[in-house]
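J.: First the structure, which I've put down as structure tokens, then a few questions once you've had a look.
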Amino acid sequence: MKRRRFIQNALVLTGATLLLRFGSTFFMVYLSNRIGPEGIGLYQLVSSVYALAITLSTSGISLAVTRIVSEQSALGNAAAARSAFRRGLGLSLGLGLLAGGLLLWGSDWLGRVILGDGRTVLSLRILSAGLPFLSTASVMRGYFLGLKRPLKSVSGDFAELLATAALTIPLLALLLPRGLEYACCALVLGSVGAEAVSCLYSAALCFTERLAPQGQRGSGMNRRIFAIAAPIALSNYFRSLLSTLENVLVPPSLKRFGADNGQALSQYGTIKGMVMPVLMLPAAIMSAFASLLVPEVAGARALQDQRRIDFIVEKCFKATLLFAFPACGLFLRFSGELGRALYGSSQVGTLLLILAPLVPLMYLDQIVDSILKGLNQQVYSMKVNTADSLLRVTLIFLLVPMMGLRGYLIMFYAGTVFNAALSMWRLIKVSRVRFCLWEWVVKPILGCALACLLTLPLPGLAGGLLMAGSYLLLLWAFGCLTRKDLSWLAAAFR
């Protein structure tokens, strides 16, 4: 029954996340075509600083609430679960107000000195108003995940996406004629308004979630939240700081290679705002499973159910790799067509082709990171993520001024391989799962290669559908998909 419920929740969240990712990706395509690569580059610069402020405002509290609520719910202690949620909500609101005040106070210095572009200052000031809404909404969604109410958690994202589009499109039409600075302001105004809508919507959902008051609240709840959130927060602070530094370093490093300011922002915007959303679009399916894994693994760990933990790790490893390889194949096979169809750009297609081989590692790293957090391995994740960020910043500083865009791509490859390899090694070490190289890697790669060859005469959608169907049939023929796997899915649908 537990397995069946996990699959059902995953299917619900997968469908919802797919719709969200498709919506957000195509909305970004719309924005890219309206304001161009340079405008997207400017927006991504602002977003890099905002991401640092978000990290301060959330500080790992959402994950701590998810873990404690899932553990206490598994033990039948609803009072402690509700207490954790209330404490987490108060902490997140305070941190959101603090982060918003700091961003407002430092916006001029951040925009002119750190980002080196005065056009970002006004957008940073506007974004400071959204942090309290964002931080509290994240805890509410973490609470729903801990209670295994995935649809309630993700519905807040739907509200945010719809509000973003409804607010941004008219604002962009109004402000774009005034230049890229005001176009960027239109985007952030839409984002702040959408975060307020999402927060109010999630708060309304919380009133519908009535937990029976059984069990005891438990003592030291703030201490428990801090014990989980602190290492995650420290990791996220440092990594977000390094990530912001990474993003801030790219345009000036490209300029030192020889590009002017507009070209540097355009190249940066092409990768961060155009290529990466498309490359990560299929990962929406994996993201749904990843968000459920923390409470699922934490609950099994609280009950000392090692058999269930092993089952989850094995199935997630296998499912992720079986899915990631054909996604990689689709990008290798149709990269040029995707670049032209979405952006009218051959450069986007070329970059998709270059980065496609990293898709399996990027998708798998999401899953592995979630499982490690559920197994109380967040300190190790902190060390790996910090080392990865240091590696990326160092390589940008050394390679991009000498090699330009090629140096950035080398950095991206090195960081992705480094992070994924160390995380997978740790998970295999702390769990009892055996990594089946032949079944999970060799056979799927062979099936993907054969499916790509079969679709060579067919372009576009027809070729993609034929490739997906051929790949599934080959997995069945190779024994990677079994009758037992299909019976689990069928049971969940029933």
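J.: Conditions first: (1) of a type in the set (Phe, Trp, Tyr); (2) modelled with pLDDT of 85 or more; (3) open to solvent by 50 Å² or more (accessible area, probe 1.4 Å). TRP438 passes all but one, so which condition is the exception?
T.: It fails just one condition, (2).
For (1) part of a helix (DSSP H, G or I); (2) closer than 30 Å to VAL313 by Cβ; (3) at pLDDT 80 or above; (4) open to solvent by less than 20 Å² (accessible area, probe 1.4 Å), each residue gets a yes or a no:
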| residue | (1), (2), (3), (4) |
| --- | --- |
| VAL12 | yes, yes, no, no |
| ALA16 | yes, yes, no, yes |
| PHE22 | yes, yes, no, no |
| VAL29 | yes, no, yes, yes |
| ILE40 | yes, no, yes, yes |
| VAL46 | yes, no, yes, yes |
| ALA51 | yes, yes, yes, no |
| SER62 | yes, yes, yes, no |
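J.: Another question, then. Identify all residues within region 230-249 that are open to solvent by less than 40 Å² (accessible area, probe 1.4 Å) and touching a Leu at 6+ places or on another chain (Cβ under 9 Å); write none if there are none. Spell out the reasoning first.
T.: Within region 230-249, the first condition is being open to solvent by less than 40 Å² (accessible area, probe 1.4 Å), and the residues that meet it are 230-233, 235, 240, 242, 244, 246-249.
Of everything in region 230-249, those that are open to solvent by less than 40 Å² (accessible area, probe 1.4 Å) and touching a Leu at 6+ places or on another chain (Cβ under 9 Å) turn out to be ILE232, ALA233, SER240, LEU242, THR244, ASN247, VAL248.
J.: For LEU427, all conditions in the list (1) open to solvent by 20 Å² or more (accessible area, probe 1.4 Å); (2) touching a helix residue (DSSP H, G or I) at 6+ places or on another chain (Cβ under 6 Å); (3) at pLDDT below 85 hold save one; what is the number of the exception?
T.: Of everything listed in (1) open to solvent by 20 Å² or more (accessible area, probe 1.4 Å); (2) touching a helix residue (DSSP H, G or I) at 6+ places or on another chain (Cβ under 6 Å); (3) at pLDDT below 85, LEU427 misses just condition (1).
J.: So, one more: Which is among the hydrophobic types (A, V, I, L, M, F, W, C), closer than 23 Å to ASP310 by Cα and in a helix (DSSP H, G or I), of LEU364, LEU390, LEU352?
T.: None of the other options fit; the residue is LEU364.
J.: Of the residues SER202, SER191, only one is out of contact with any strand residue (DSSP E or B) (no Cβ under 8 Å at 6 or more places or on another chain), in a helix (DSSP H, G or I), small (Gly, Ala, Ser) and within 20 Å of SER48 (Cβ to Cβ); which? Please lay out each step first, then the result.
T.: On the way: SER202 fails: within 20 Å of SER48 (Cβ to Cβ).
None of the other options fit; the residue is SER191.
J.: Moving to a separate point now. If you check every pair at least six apart or on different chains, which have Cβ atoms under 8 Å apart with a residue in region 362-376 that is farther than 10 Å from SER423 by Cβ and aliphatic (A, V, I, L, M) first and a residue that is open to solvent by 30 Å² or more (accessible area, probe 1.4 Å) and assigned to a helix (DSSP H, G or I) second?
T.: Pairs found: LEU375/ARG301; LEU375/VAL430.
J.: Have a look at GLY96, GLY156 and point out the one that is in contact with a Lys or Arg (Cβ under 9 Å, 6 or more places away or on another chain), buried (at least 20 other Cβ atoms within 10 Å of the Cβ) and in a helix (DSSP H, G or I). Let's see the steps before the verdict.
T.: Working: GLY96 fails: in contact with a Lys or Arg (Cβ under 9 Å, 6 or more places away or on another chain).
One residue alone meets the criteria, GLY156.
J.: Considering every residue within region 319-333, establish whether at least one is touching a Lys or Arg at 6+ places or on another chain (Cβ under 8 Å), among the polar types (S, T, N, Q) and modelled with pLDDT under 85. Before the answer, list the steps.
T.: Just the residues of region 319-333 that are touching a Lys or Arg at 6+ places or on another chain (Cβ under 8 Å), to begin with: none.
So far as region 319-333 goes, no, none of its residues is touching a Lys or Arg at 6+ places or on another chain (Cβ under 8 Å), among the polar types (S, T, N, Q) and modelled with pLDDT under 85.
J.: Then there's this: Would you pick out the residues in region 450-460 that are open to solvent by less than 50 Å² (accessible area, probe 1.4 Å) and either within 26 Å of CYS316 (Cα to Cα) or at pLDDT 80 or above (or both)? Reasoning before the result, please.
T.: First, pick out the residues of region 450-460 that are open to solvent by less than 50 Å² (accessible area, probe 1.4 Å): 451-452, 455, 460.
Of everything in region 450-460, those that are open to solvent by less than 50 Å² (accessible area, probe 1.4 Å) and either within 26 Å of CYS316 (Cα to Cα) or at pLDDT 80 or above (or both) turn out to be ALA451, CYS452.
J.: Another question, if that's okay. When you scan region 461-494, how many residues do you find that are modelled with pLDDT of 75 or more and among the β-branched types (Val, Ile, Thr)?
T.: Summing the residues that are modelled with pLDDT of 75 or more and among the β-branched types (Val, Ile, Thr) in region 461-494 gives 0.
J.: Also, quick follow-up: Looking at LEU110, is it part of a helix (DSSP H, G or I) and either under 20 Å from SER191 (Cα atoms) or touching a Pro at 6+ places or on another chain (Cβ under 9 Å) (or both)? Break it down stepwise before answering.
T.: Working: part of a helix (DSSP H, G or I): yes; either under 20 Å from SER191 (Cα atoms) or touching a Pro at 6+ places or on another chain (Cβ under 9 Å) (or both): yes.
The answer is yes for LEU110.
J.: Next up: Does ALA341 satisfy being part of a helix (DSSP H, G or I), modelled with pLDDT of 85 or more and hydrophobic (A, V, I, L, M, F, W, C)? Please lay out each step first, then the result.
T.: Working: part of a helix (DSSP H, G or I): yes; modelled with pLDDT of 85 or more: no; hydrophobic (A, V, I, L, M, F, W, C): yes.
So ALA341 fails the test.
J.: Quick check on GLY106: is it open to solvent by less than 60 Å² (accessible area, probe 1.4 Å) and free of Cβ contacts under 8 Å to residues at least 24 places away in the same chain?
T.: On the way: open to solvent by less than 60 Å² (accessible area, probe 1.4 Å): yes; free of Cβ contacts under 8 Å to residues at least 24 places away in the same chain: yes.
So GLY106 passes the test.
The values are calculated or read from the model by the stated rules, or taken from the named source; none is laboratory data. Keep in mind the model is a prediction, meaning the values are calculated, not measured. Cβ: placed from backbone, ideal geometry, glycine included. Neighbour counts: every protein chain shown. Just so you know, the surface numbers come from the protein's heavy atoms only, side chains and all, with ligands and any DNA or RNA stripped out. Shrake-Rupley method; radii C 1.70, N 1.55, O 1.52, S 1.80 Å.
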